[in-house]
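Below: the structure, in structure tokens.
Just so it is clear, none of the values below were taken in a lab; they were calculated from the coordinates. The structure presented is a predicted model; accordingly, all values stated were derived computationally and were not measured. With ideal geometry, Cβ positions are generated from the backbone for all residues, glycine too; neighbour counts draw on all protein chains shown.
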């Protein structure tokens, strides 16, 4: 029963293809169909998650701000995405007269392609990797680089100063945060000895003492690298507190200013799918991928765990958005270069020492020291400049 | 021969498509590279150059050099193209939005002559060099682990030297960009 549920998606696909095969459908059509089923399922699941997220995010934010949030359309406002979709499709598609029409049209498309392509390498469950690549992590970041081109195209082609400013900020932010993001991801690849996501998940399998999961996030270096990766992921997906490229109080909407109707919705969708993808990579690299957190919970199928963990990480991102104010551009870039980058190097060193000290209790202490001491030094020096002192007013009481 | 080709087309078109699909990114690469040279609008030229970077990465992947292809995409599309675009945006705003291509006046003739001359020189060097006479090595599909071991083993000195060079370049750039504190 358990294994049946576990293998259900694969078995259903094989059964369907065998059924078609028995009707004499040629082999190559089956091969195309097999790929098509996987692609369709993944896109369907993630667009469904996007629809769910778009309403849940507003609900959670509303809860954090002590109000109701959307509750008119359907039960608990759950059909809000349908209403949003109809609204987006029926809206007029405005293109500025001086815009670069072709590039303006191509930008949302270019944005969507990498967001969907990176989904190919995530291990969704036991033996459920759409594209088993030897260098999957590298593929993720290589394809993800296309997003920057799309943001630039959107910002420049709109022929609007807010758009260009927003795009410049977004690209500066993406390039700066890509470094700590990639280095903290490489740390896990170094310990697992492979760039393939499924090998990294496999390296986190098993339980210490029978119940403690051996996820990388539960080691000192993994905790540090995981936090860095999480912060980098927030910045890469332009989420609060790093949403200043489209800070509405200064830049209208950044590179999205001149987009309306379904092109705007495409950007929105690509941003959310990209966020889910990077959450999925975070889960794969640090939170054990599709593995259950406790031995007796393994009765729940692995793909449920994976989607559940993605939803949890996405929830924490909304939580962060409800909590933290937006950063200023120079603070944001300074934080990436002066704090996150050195810390990711520290995590790198720490992981190497952990490996060579035998991965035992001693190694644990050593790697904790290598991560902790730079954190204390950098952290105190970084916060000293922002020391809070009593504000004195010159002209009022 | 033709008959066999048609037969494969009917029974297993994916095979034919797979064989011919390798050519597609190469064609895109050539067209995009040519467009990036002749476009007068600098941003369009930069975007075409980015497209040619992407196509080159796909050519590498299609030829089996997966790792090189991904690194090409990561470095060239993610960093080099963006720095290029930044440089264009920060320097000459009046040049940006010219339309049309460069084919006007005497310039193209001179350009074509110079290009042809350098092509001849390059070809002459390529065909007379001793490397050309060596037989082609058999294609290997190296796993990432093997590439990593080669880099950290046999070629570790070169790797470290490049690291030092890049660090020096980074420090130099930071020093250049630093504000002059002296009055």
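Apply the a/c threshold of 1.5 to the C-alpha gyration tensor of region B:142-183 and tell me whether it is rounded, prolate or oblate.
Prolate is the answer for region B:142-183, as a/c is 1.5 or above and a/b outweighs b/c.
Measure off 7 Å from each Cα along the Cα-to-Cβ vector at residue A:211 and residue A:394, then give the distance between these two points in nanometres to one decimal.
Label at residue A:211, label at residue A:394, 6.3 nm between them.
How many angstrom lie between the C-alpha centres of region A:4-77 and region A:330-376?
Result: 39 Å between the Cα centres.
Listed highest first by mean packing, meaning other Cβ atoms within 10 Å per residue, what order do B:80-87, A:276-283, A:91-98 come in?
A:276-283, B:80-87, A:91-98
Within 10 Å of each Cβ in A:25-35, how many Cβ atoms from other chains are there, averaged over the peptide?
2
Along each of its three principal axes, how wide is the spread of alpha-carbon positions in region A:240-280, in whole angstrom units, largest first?
32, 26, 9
Averaged across B:66-78, how many Cβ atoms of other chains sit within 10 Å of each residue's Cβ atom?
Mean partner shielding for this stretch: 6.
Choose one answer from A:44, A:226, A:274: the residue with the largest mean-square fluctuation in a GNM of chain A with alpha-carbon springs under 10 Å.
The residue with the greatest mean-square fluctuation here is A:44.
Apply 1/(1 + (r/R0)^6) to the Cβ-Cβ distance of residue B:168 and residue A:73, taking R0 = 45 Å, and write down the FRET efficiency to the nearest 0.05.
E between residue B:168 and residue A:73, to the nearest 0.05, is 0.15.
Pick out which of A:254, A:166, A:40 has the largest mean-square fluctuation in a Gaussian network model of chain A, springs linking Cα atoms closer than 10 Å.
A:40
Please compute the modelled spin-label separation between residue B:31 and residue A:356, points set 7 Å along Cα→Cβ, answer in nm with one decimal.
Label-label distance for residue A:356 and residue B:31, simple model: 5.2 nm.
In deg cm²/dmol, rounded to 500, what helix-only [θ] at 222 nm does chain A give when every DSSP H run of at least 4 residues adds -39500 (n - 2.57) and the total is split over its residues?
So the helix-based figure for chain A works out to -22000 deg cm²/dmol.
Using a 10 angstrom cutoff on alpha carbons, build the Gaussian network for chain A and name the most mobile of A:174, A:111, A:56.
The residue that fluctuates most here is A:56.
For residue A:127 paired with residue B:160, estimate the spin-label separation in nm (one decimal), with each label point 7 Å from Cα along the Cα-to-Cβ line.
Spacing of the two 7 Å Cα→Cβ label points: 4.6 nm.
What Rg and what Dmax come out for the protein assembly as shown when only alpha-carbon atoms are used, in angstroms?
Reported Rg and Dmax, both Å: 26.4, 95.
Take the alpha carbon atoms of region A:262-291, find their center, do the same for region A:118-187, and report the distance between the two centers in whole angstrom.
Rounded to whole Å, the Cα centres lie 11 Å apart.
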